[in-house]
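Engineer: Just passing along the structure, written as structure tokens.
The values are calculated or read from the model by the stated rules, or taken from the named source; none is laboratory data. As the structure is a computational prediction, the values presented were derived from the model and not from experiment. Using ideal geometry, Cβ is built from the backbone for each residue, glycine included, and neighbour counts are taken over all protein chains shown. Note: accessible area is taken over every heavy atom of the protein model, side chains too, but ligands, DNA and RNA are not part of it. Shrake-Rupley method; radii C 1.70, N 1.55, O 1.52, S 1.80 Å.
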Amino acid sequence: MTRFNAWNVIKNGLNGQSGWSRQWRDPEPKSNYDVIIVGGGLHGLATAFYLAKNHNINNVAVLEKGWIGGGNAGRNTTIVRSNYMMPGNHEFYEHSLKLWENLSHELNYNVMFSQRAHVSLFHSPGARDSAARRYNIMKLHGTDAELWDLKTLKKKIPHLNYDDSRFPILGAAVQRRAGNARHDAVAWGYARAADSLGVDILQNCEVTGITRKNGSIESIQTSRGTIKGKKVGFAVAGNTSVLWQMAELGNLPIESHKLQAFVTESIKPLLDQVVVYGVGGAHFYISQSDKGSMVFGGDLDWYKSYAQRGNLPIVQDSAEAAMAILPCLGRIRLLRHWAGVMDMTMDGSFFICKTPISNLYLNAGWNYGGFKASPASGWYFADLIANENPHNYVHNHNLERFEKGINIDERGAGPDPKLHG
Amino acid sequence: MKSKRLNNLGKIDRDKTLNFTWDNKKLSGFEGDSLASALLANNIGIVGRSFKYHRPRGIFSSGVEESGALVTIGSKDRRDPNVRATTQELFDGLKASGQNAFPNVNFDLGGINNYIGRFFAAGFYYKTFMGIPPFEWGKGTTIWMLFEKLIRKAAGMGSASRLPDPDSYEHAHDFCDVIVVGSGPSGVAAAIEAAEKKLDVILVEQDSLVGGNQLSENDFSTSEIFNQLKSLGIKVMTRTTAFGLYDNCVVGLLERVTDHLSIPDSTLPRQRFWTIRAKHIIVGSGALERHIAFNNNDIPGVMTVNASKHYLNRYGVLTGEDIVIATNNDSVYETANELSEAGANVTVLDSRTNIEIDSNKNFEIRKGFVPYNINGTKKIDSLDISKSENINKIDTINCDQVLLSGGWSPAVHLLSHRGVKPKWDPENACFIPSDTKENITMIGSSRGLWNKDDCIASGVAGATDALNRLGVSKTNYFFPKPGGWKNPIKPLYEVKYKKSRSKSFVDYQHDVTADDVRLAHREGFISVEHLKRYTTLGMANDQGKMGNIIGLSLMADLLNKEIPEVGTTVFRPPYTPVPIGALTGRNVGKHFRPLRVTPMHQWNIDHGAKMIEVGLYQRPWYYPKKMKHSVIHILEKQQL
Amino acid sequence: MIRINCPYCGERDHSEFSYGGDASIKYPSLEASEKEWTEAIFFRKNIRGFQLETWHHSNGCRMWLEVERSTVTHEIKSVRPCHPDLQKVVENNK
Ligand SMILES: Cc1cc2nc3c(=O)[nH]c(=O)nc-3n(C[C@H](O)[C@H](O)[C@H](O)COP(=O)(O)OP(=O)(O)OC[C@H]3O[C@@H](n4cnc5c(N)ncnc54)[C@H](O)[C@@H]3O)c2cc1C
Ligand SMILES: [Zn+2]
């Protein structure tokens, strides 16, 4: 594999780009693997990479029904942050952020992680207090966090709506190390790195059936034939319930909802940070991609759905929310909008855990936040599969937590999946 | 390119002169002009610069598929970047300027990128900028973020104003039995048929005039049709784009109310966002002409054939003097005639050999020839041509314009919004719409029909389909089958350049070349969506309306597959970009959310309370000290 | 926009309604085990296809409705009041 660096880019510029080859192979499925990961999104690909890298388990296949990164991996608004406060969540997302910081070097693939700061606006003293509480907890755990008063905020982002907004902007809670990355590149980078360690990435390989025998999975039927794996991991985000029922496992604390995303035409730099806010029932986040598009999103479509397309009310809501803080966006044009199917959970936190089937492992429940989680998710899911024991950070991120009453509810919204984000 | 205004032809009003500026230069056009036609009438060839290589860009089309003529209009808080000059109506006092260039589009320092372009192949940025060159030393994100700053500055197209948008926008709602999208012959036939059968019909047309592609015909009268539609009680909405189809036959429309006026009535909104709830949707959104990939196929002066016909017959502008038309299908011959009658010296290169063309006449047809390479940088000096078999330069034609027709792509976008995949029609070399269970019917050229009679028949059939599905009638109907040319089209997507490092553009705005597609293939990005994301093909403002099929066909070729096996890309709403202001409507500023108040609200205000937001309510936070009865005091007393 | 045909108000935009969730959940008796209650409150079938669900016509008649809707295409097969007695009334008035 040709290494990615400026030297080779220049060399290939001179030789007509002839030195590059496939970034990952297109192998035929083998009949047996040590580990099969279902789902070629970020979590599946990252898991395969860390299985090979951290645990020397290389006889691994990632099964993807379409093309890798085609699910939520390639549909999200790419915000990476670690401003969590619940035990387990906090440590997990902070580790993820640390992995992000070096990910381009680790994968030898520029995933364009840009630590341009995550600026979370507040609009009332009460909201400031709760932001202060959350960000103080972060600081106590050694994570960077700061509060910007109005003066600082105005200096950093002068064109927010300070004069005419329905909800006055009072300041912001900021995580400077947070930012955006290029979603496709992360999927491809993990795929290429995992492939070079021997992982088979099998695209157009849909899991259509699961054969169980004596409490474990014996084989998996796919659109490319039957495949056996000693261990099987599910990392299929919004489609988790479908596979779960294929394995005849009944119900899950998950509902699939759709979340829309929006991009505008490219414009010259207008916004250097990720800006988010939630007030008056609105919830909104926006940043500008390196290509120049404003990328934004808001709430779920508010009803359960497996459709990857959105409806008008939320288009309108998100536009309103955009104009509320950046009134200059009125003349900027929306170029595309789409939706992804989110695995929303009953407490807004994820699952990295064992299952009632002895050789089946579950990675799911990522809500709005699975993009930033991908590196740590792969790391700890690989760890669980390899070592059979959940790491301390994720030992409560299992399916039994509800019965035990140890819900990990960052928002305090209760068992209504559409209210978590 | 030498384009000029003629004394005859066109649907413009030569008695009404409109003054406008282009890059601060004072120019004039006529009422009825688009910004693009006015620029062409003034012989302005370069109107923009491309995204990556900063290559000069001219006007490629006359409609929504435009990916070259993106300009900035207006100034200060009314600055609109990335406006398609082809769909912007000219008005008196319009200020337009080039963008993505320094100091200007004619001479742009960014043009240096073109010379070092060989290092900027598709996806090169994933391979470097991570660390210190040449071996990417270092850790963390610091070095990337230094590069990123420069990249961000260079990217983007136009620049946006940072001031609040001063215009107002409106939301509006309506209901109907049938909404017809497009006012071409098929849409008009469908609307009339449905209205005559007593259905409540809305007809939307993105253009300012009804007629669709007939507006490119010399003897077409738009007002006649308009009046006929009106007399039947049809609600005709011009300057209105159906930008998206949503669940249960709900259609999102954008109506541009004042964008064409020099001094709008201040009581009017700039634009209206309509939500239409229909019972049936009939789409006659037409077809878009494709270009052909060959070396330097982007030099200003390159245009689609149909665009040139529009400029001639709608705007009275002859787009060139010495014109070469390159085609693989029959649709160009009428235009060739008209152009030569208007005084141009026309040569047609037809990639086909066994064809019968009954045309008279005063232009040369070279059968079995294809365009190979354009000579020139800012304008066309000449065109190298090749035989269609055995590609190699064998001759050069001096010319100032090259018109292209690589076939037509039905505009299946709206149907794609509903998740319906189109099917490939090899005979006509295009994707045509598949059937859907929903109450949506595709008619006319957006169904792959090329001649007018078929389009009209399909309109009537479409309306009958709607009537049947709505339970109004039970009538048999049939759709004409796709096609309609005398000689079959012969697929021609790329004429491969013999020398290395060619610049054969597939996607004009994003500078995606045929070589980029080949590189993507070499690196394993072979699924359509990977191809699109890796090369950014089809990700520009036009969502690949012209280039997508070319990209697909190149990939199919590389994989030794047929186009449909490679797949289709999914078009997302909106069909053409929609301003965020229009989607927001009146809910701006203080009207973002309602304000709820308690019965005590006025008292609190009167007593100087500092109010805070609590959900949608405002409540007193505290009363500054000089108050007699401070709430804090009361609260303390009551030990709350 | 999903259009929901409210038996009281006629066909309306889904944005007039609030989504209630899975209508097939049966809550167990108060004496039931913690496991049963956990299952009822936290666990879902999460059907990909037609499912029974509740919607509240919160900006209309404020009735709770039971809707059979596809979670893939959003197509609606039936809408009726949640309350069985009201269902009967609506049926009889048809
Ligand atoms: C609009 C939107 C915005 C978002 N914004 C953010 C954000 O700003 N920050 C953030 O951190 N997160 C965000 N997210 C969440 C994040 O994208 C997801 O949580 C994350 O991508 C999920 O993990 P994944 O990449 O593994 O999932 P996916 O990419 O969905 O991967 C699952 C894969 O499984 C495959 N699959 C499914 N069924 C089968 C089968 N039977 N056989 C084989 N393969 C199968 C699918 O094709 C898919 O590729 C957003 C999500 C959306 C939709
Ligand atoms: Zn009602």
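Engineer: A 28 angstrom limit on the alpha carbon distance is what I want to check against. Which of A:11/B:153; B:532/C:77; B:379/B:498; A:291/B:26 exceed it?
Structural biologist: Going by Cα-Cα distance, B:532/C:77; A:291/B:26 fall outside the 28 Å limit.
Engineer: Moving on. Taking all protein chains in place and a 1.4 Å probe, what share, in percent, of the accessible surface of the protein assembly as shown do carbon and sulfur account for?
Structural biologist: Here it works out to 51 percent.
Engineer: Residues in region B:297-334 near a label at residue B:361, defined as backbone nitrogen under 16 Å from the 7 Å Cα→Cβ point?
Structural biologist: Under 16 Å, as judged by backbone N against the label point of residue B:361, lie B:333-334 of region B:297-334.
Engineer: Mean separation of Cα pairs under 8 Å and 6+ residues apart, divided by the residue count of chain C: what relative contact order is that in percent?
Structural biologist: Relative contact order for chain C comes out at 26 percent.
Engineer: With every protein chain left in place and a probe of 1.4 Å, what is the accessible surface of residue B:15, to the nearest 10 Å²?
Structural biologist: Residue B:15 has an accessible surface of roughly 140 Å² with all protein chains in place.
Engineer: Just how far, in whole angstrom, is region C:50-94 from region B:380-408 if you go by their alpha carbon centroids?
Structural biologist: 64
Engineer: I've got another one for you. State the cysteines of chain C left without a partner when partners are defined as other cysteines whose beta carbon lies under 4.7 Å away.
Structural biologist: Lacking a cysteine Cβ partner under 4.7 Å: C:61, C:82.
Engineer: For an R0 of 45 angstrom, estimate the FRET efficiency from the Cβ-Cβ distance between residue A:22 and residue A:137 and round to the nearest 0.05.
Structural biologist: The value I calculate is 0.50.
Engineer: Among B:64, B:32, B:116, whose Cα lies farthest out toward the positive end of the dipole of region B:1-165, if unit charges sit on the beta carbon of Lys, Arg (+1) and Asp, Glu (-1)?
Structural biologist: Comparing the listed Cα positions along the dipole, B:116 ranks first.
Engineer: Students often get this wrong: which residues of region A:93-107 have the backbone nitrogen under 14 Å from the point 7 angstrom along Cα-to-C-beta of residue B:132?
Structural biologist: none
Engineer: Counting DSSP beta bridges in the protein assembly as shown, what percent are antiparallel, to the nearest 5?
Structural biologist: 65
Engineer: For region A:376-421, which trypsin sites (Lys or Arg not before Pro) pass both filters: DSSP loop (anything but H, G, I, E, B) and at most 14 other C-beta atoms within 10 Å?
Structural biologist: Sites meeting the loop and neighbour criteria: A:411.
Engineer: If you take each beta carbon of peptide B:76-84 and count the beta carbons of other chains within 10 angstrom, what is the mean?
Structural biologist: Across the residues of B:76-84, the mean count of other-chain Cβ atoms within 10 Å is 3.
Engineer: Follow-up question, since we're still on this one. Setting aside same-chain residues fewer than 8 positions from residue B:378, which aspartates and glutamates have a Cα under 12 Å from its Cα?
Structural biologist: Partners found: B:108, B:298, B:400.
Engineer: Please compute how much accessible surface disappears when A pairs with B, both sides summed, using a 1.4 Å probe, and round it to the nearest 100 Å².
Structural biologist: Buried area between the two chains comes out at roughly 8500 Å².
Engineer: Ok, one more. Compute the accessible area per residue over region C:3-93, keeping the other protein chains in place, probe 1.4 Å, unit Å².
Structural biologist: Ligands and nucleic acids excluded, the figure is 55 Å² per residue.
Engineer: Quickly work out the residue C:18-to-residue C:52 label distance, labels modelled 7 Å from Cα along the C-beta direction, and quote it in nm with one decimal.
Structural biologist: 2.3
Engineer: Name the aspartates and glutamates eligible as straight-distance cross-link partners of residue B:95: C-alpha to C-alpha under 13 Å, and not fewer than 8 places from it in the same chain.
Structural biologist: Counting by Cα, and skipping residues close in sequence, residue B:95 has these aspartates and glutamates nearby: B:23, B:80, B:259.
Engineer: Note every residue of region C:36-62 with a reduction of at least 30 square angstrom in accessible area, all protein chains present versus the isolated chain, computed with a 1.4 Å probe, or write none.
Structural biologist: Residues of region C:36-62 that lose at least 30 Å² of accessible area once the other chains are added: C:38, C:42, C:43, C:44, C:45, C:46, C:48.
Engineer: Can you compute the modelled spin-label distance between residue B:172 and residue C:30, with each label point 7 Å from Cα toward Cβ, in nm?
Structural biologist: 5.8
Engineer: Within region B:179-275, report the trypsin sites (Lys or Arg not before Pro) that DSSP leaves as loop and that have at most 14 other Cβ atoms within 10 Å.
Structural biologist: For trypsin sites (Lys or Arg not before Pro) across region B:179-275 that sit outside H, G, I, E and B with at most 14 neighbouring Cβ atoms in 10 Å, the list reads B:198.
Engineer: How far is helix B:185-196 tilted, in degrees, relative to the longest principal axis of the Cα atoms in chain B, given as a value from 0 to 90 rounded to the nearest 10?
Structural biologist: Once rounded, the angle reads 60 degrees.
Engineer: Give the lysines reachable from residue B:452 as a straight Cα distance under 23 Å; neighbours fewer than 8 places away on the same chain don't count.
Structural biologist: Correct list for residue B:452: B:11, B:197, B:230, B:309, B:423, B:481, B:486, B:490, B:545.
Engineer: Per residue of A:337-347, what is the mean number of Cβ atoms on other protein chains within 10 angstrom of that residue's Cβ?
Structural biologist: Shielding by partners across A:337-347 averages 2.
Engineer: Amide H to amide H, which residues 5 or more places from residue B:237 or on other chains are under 5 Å from it, using H placed in the peptide plane?
Structural biologist: So residue B:237 has HN proximity to B:203, B:204, B:205.
Engineer: Could you tell me which GluC sites (Glu not before Pro) in region B:557-629 are loop residues by DSSP with no more than 15 other beta carbons within 10 angstrom of their beta carbon?
Structural biologist: Answer in residue order: B:562.
Engineer: On to the next question. Other chains near C:1-13: what is the mean number of their Cβ atoms within 10 Å of each residue's Cβ?
Structural biologist: For this peptide, the per-residue mean of nearby foreign Cβ atoms is 3.
Engineer: Something else now. With charges only on Cβ, +1 for K and R and -1 for D and E, what is the dipole size of chain A about its Cα centre, in debye, rounded to 20?
Structural biologist: 820
Engineer: Keeping every protein chain present and rolling a 1.4 Å probe, give me the accessible area per residue for region B:1-165 in Å².
Structural biologist: That works out to 42 Å² for each residue.
Engineer: Follow-up. Using the Kirkwood radius over Cα pairs, work out the Stokes-Einstein diffusion coefficient for the protein assembly as shown at 37 °C and 0.692 mPa s, in µm²/s as a whole number.
Structural biologist: Once the numbers are plugged in, D ends up at 105 µm²/s.
Engineer: In addition: Please report, in debye to the nearest 20, how large the charge dipole of the protein assembly as shown is about its Cα centre when each Lys and Arg carries +1 at its beta carbon and each Asp and Glu carries -1 there.
Structural biologist: For this selection, approximately 2460 debye.
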